[in-house]
1. Looking only at the range 267-288, which residues are of a type in the set (S, T, N, Q) and assigned to a loop (DSSP other than H, G, I, E, B)?
2. Considering the range 107-136 alone, what residues qualify as being over 17 Å from VAL208 (Cα atoms) and open to solvent by less than 20 Å² (accessible area, probe 1.4 Å)?
3. Please determine, by comparing only the residues of the range 399-418 that are modelled with pLDDT under 95 and not in a helix (DSSP H, G or I), which one is surrounded by the most Cβ atoms within 10 Å (Cβ to Cβ).
4. Of everything in the range 379-397, what is open to solvent by less than 30 Å² (accessible area, probe 1.4 Å) and free of Cβ contacts under 8 Å to residues at least 60 places away in the same chain? Give them in sequence order.
5. Restricting attention to the range 60-82, which residues are without any contact (Cβ under 8 Å) to a residue 60 or more places away in the chain, of a type in the set (A, V, I, L, M) and surrounded by 15 or more Cβ atoms within 10 Å (Cβ to Cβ)?
6. Kindly indicate whether ASN98 is polar (S, T, N, Q), more than 30 Å from SER332 (Cα to Cα) and crowded, with 20+ Cβ neighbours inside 10 Å.
7. How many of the residues making up the range 186-217 are open to solvent by 50 Å² or more (accessible area, probe 1.4 Å), under 21 Å from the mean Cα position of the chain (by Cα) and closer than 26 Å to PRO276 by Cβ?
8. Go through the range 291-307 and give me each residue that's surrounded by fewer than 19 Cβ atoms within 10 Å (Cβ to Cβ) and of a type in the set (Gly, Ala, Ser).
Amino acid sequence: MSGSPTYVPKSALGRWFESRLPIMGLVHSSFIAYPVPRNLNYLWTFGAILAFMLGAQIVTGIILAMHYVPSAAEAFGSVEHIMRDVNYGWLIRYLHTNGASMFFFAVYVHMFRGIYYGSYKAPREVLWILGVIIFLLMMATGFMGYVLPWGQMSFWGATVITNLFSAIPLVGDQITVWLWGGYSVDNPTLNRFFALHYLLPFIIAAVVGLHVWALHVCGQNNPDGIEIKDVAKDSVPFTPHATMKDSLGLVVFLLLYCWFIFYIPNYLGDADNYIPANPMKTPPHIVPEWYFLPYYAILRSIPNKLAGVIAMFSAIAVLAFLPWLDTSKVRSAKYRPIYKIFFWVFAACAVGLGYLGAMPPEGGYVLAARILAVAYFAFFLVVLPLLGLFEKTKPVPPTIADAVLAKHGSASSVAAGAASAPHTKG
């Protein structure tokens, strides 16, 4: 909870406005006085990084939309016009294209952190589900944005992905034609993808608002997975403690972002996308952007088209059921030694699927993708439900203050803290 507003403006005008529309009071209670666990580490800065990146993508996207032409005949040329003729157009485009990759990198770190520390467990189920919805909206936005330059990989990537809907029994072909706006990927497809790519970030921003609201209702999780019991001992005000940490994390992240923009701006792109789309010539190897590769590997690992599509979407949908699949009473992997091992195996499987998604779908690559796909689903559907039944966890400190003392304090301080703290089950 944010608590009751304690902000009182100093000026008479400020007090008059605040009594009618308490915006500053809301900001004060949510981002200044709001209590956060005192043991948060730098992995928690990725929430602020993601908020910044969403804003950056919206601003740069609006500027690019002012010069982009959503036409099959002119789209490729309009992108080249932005790069060569518009003042600082190259910078805006590189900010946007590399920003998409940075956005997904940050969201993957954010999600893996949530899985490692059990941030999906009660009472944060709705918070987690809203995060999965944001992830799905990001994937849809990223895919449609990849189509807009109308290069070879854009065109054929759109053709392959939209063709997946034709696997749906009975109505698949009709849905595919409806998506295309015709009988192939063409001008109507590009127009509607542009419209949706422009619209979806604002929908994402709205869901992010709900995500932050849900976070302030149930409070932040922390590396020890312990709820705040004593606000004075277990928490610190959001400002300056969390804001300073978030600012440092953002600065370090921006250094990485700028390195890509100014030194290797095309490293994460595909060379074929600098060739205008040609429906008569298929690239030898069609691959999506790197952040879709694990799911693309799962799709290609199954020979049946419908089964592959179901597996690919299930790989994302299963994330929403994490709060109920994990049966352990302990949140954090810090106190779950066996879970910690399985988590890192799962992370290695996800990275391996990403690598295999970029490889040709042949020979040993397909076999390896099938093995890793089975391991991916086994983590959620077998390991998590069963592990909570027999895993022997480490003792969980009764309060956050005790956990901090155990990490940084002396042995006598820890003993004194343990003696004075109320004893509860972890």
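The values are calculated or read from the model by the stated rules, or taken from the named source; none is laboratory data. Everything numeric in this text was worked out from a predicted model, so none of it was measured. Heads up, the Cβs are rebuilt from the backbone with ideal geometry, glycines too, and the neighbour counts pull from every protein chain shown. These area figures cover heavy atoms from the full protein model, side chains too; ligands, DNA and RNA do not enter into them. Shrake-Rupley method; radii C 1.70, N 1.55, O 1.52, S 1.80 Å.
1. Of all residues in the range 267-288, those of a type in the set (S, T, N, Q) come to 273, 278, 282.
ASN278, THR282 - these are the residues of the range 267-288 that are of a type in the set (S, T, N, Q) and assigned to a loop (DSSP other than H, G, I, E, B).
2. Hits for the range 107-136 are ILE115, GLY118, LYS121.
3. The selected residue is GLY409.
4. Result: PHE379, VAL383.
5. ILE63, LEU64, VAL69, ILE82
6. Numbers: polar (S, T, N, Q): yes; more than 30 Å from SER332 (Cα to Cα): yes; crowded, with 20+ Cβ neighbours inside 10 Å: yes.
So ASN98 fits the description; yes.
7. So the answer is 2.
8. ALA307
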